[in-house]
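Q: Let me give you the structure first, and then I'll get to my questions.
The values are calculated or read from the model by the stated rules, or taken from the named source; none is laboratory data. As the structure is a computational prediction, the values presented were derived from the model and not from experiment. Note that each Cβ is placed from the backbone with ideal geometry, even for glycine, and that neighbours are counted across all protein chains shown. These accessible areas exclude ligands, DNA and RNA; they are computed on the full protein's heavy atoms, side chains included. Shrake-Rupley method; radii C 1.70, N 1.55, O 1.52, S 1.80 Å.
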Amino acid sequence: MSYFDGDPNFCPECGNVLPLPGMQDTVCCPRCSFSSPVSAFSGREIHSTVVFNQADRSSVLLESSEDSEMKGPVIDRRCSRCNKEGMIYHTRQMRSADEGQTVFFTCTHCRYQEKEDS
């Protein structure tokens with residue numbers, strides 16, 4: 001009994017993405033026991049697209065009056081001081097190696113800094 005019907009790129013039993021047909025006579029789902037003959041994919045075209053984030057949207061470079069630079073990836077985190085969205089982060093290993101890293105956040109608007117121990 002199939003629970004996922006419609007798109008032949010997905011396993012009809014578990015919904016997992018099926019691998020591309022290769023040299024074998026069957027396409028086997030890597031997650032469950034479903035298999036399909038390669039002839040079921042005959043005449044089908046498979047298209048894929050890779051989308052990269054724009055550099056100006058995923059990282060920021062700001063200069064302050066002291067000529068120090070803030071750079072790094074921008075995440076959707078709300079500043080607890082100015083309540084605006086967008087903070088830069090970086091990580092450091094501040095404690096022993098068997099504990100998590102410390103994450104430092106800097107607001108891109110007011111430059112307020114927060115830290116979070118993970």
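Q: Asn83 is checked against (1) assigned to a loop (DSSP other than H, G, I, E, B); (2) open to solvent by less than 90 Å² (accessible area, probe 1.4 Å) and fails just one. What number does that condition carry?
A: Failing condition for Asn83: (2).
Q: Given the criteria assigned to a helix (DSSP H, G or I) and either within 18 Å of Tyr112 (Cβ to Cβ) or modelled with pLDDT under 75 (or both), does Asp56 qualify?
A: yes
Q: A further question on this structure: State which residue is most open to solvent (accessible area, probe 1.4 Å) when the search covers only the range 20-37 and only residues that are part of a loop (DSSP other than H, G, I, E, B) and modelled with pLDDT of 85 or more. Even if it seems obvious, please write down each step before you answer.
A: Of the residues in the range 20-37, the ones part of a loop (DSSP other than H, G, I, E, B) are 20-25, 29-34.
If we keep only those that are modelled with pLDDT of 85 or more too, we end up with 25, 29-32, 34.
Numbers: Asp25: 127, Cys29: 11, Pro30: 99, Arg31: 169, Cys32: 43, Phe34: 48 Å².
Filtering the range 20-37 for residues that are part of a loop (DSSP other than H, G, I, E, B) and modelled with pLDDT of 85 or more, the one most open to solvent (accessible area, probe 1.4 Å) comes out as Arg31.
Q: Moving on to the next point. Across the range 86-115, what is the total count of residues that are assigned to a strand (DSSP E or B) and over 16 Å from Val74 (Cα atoms)?
A: 2
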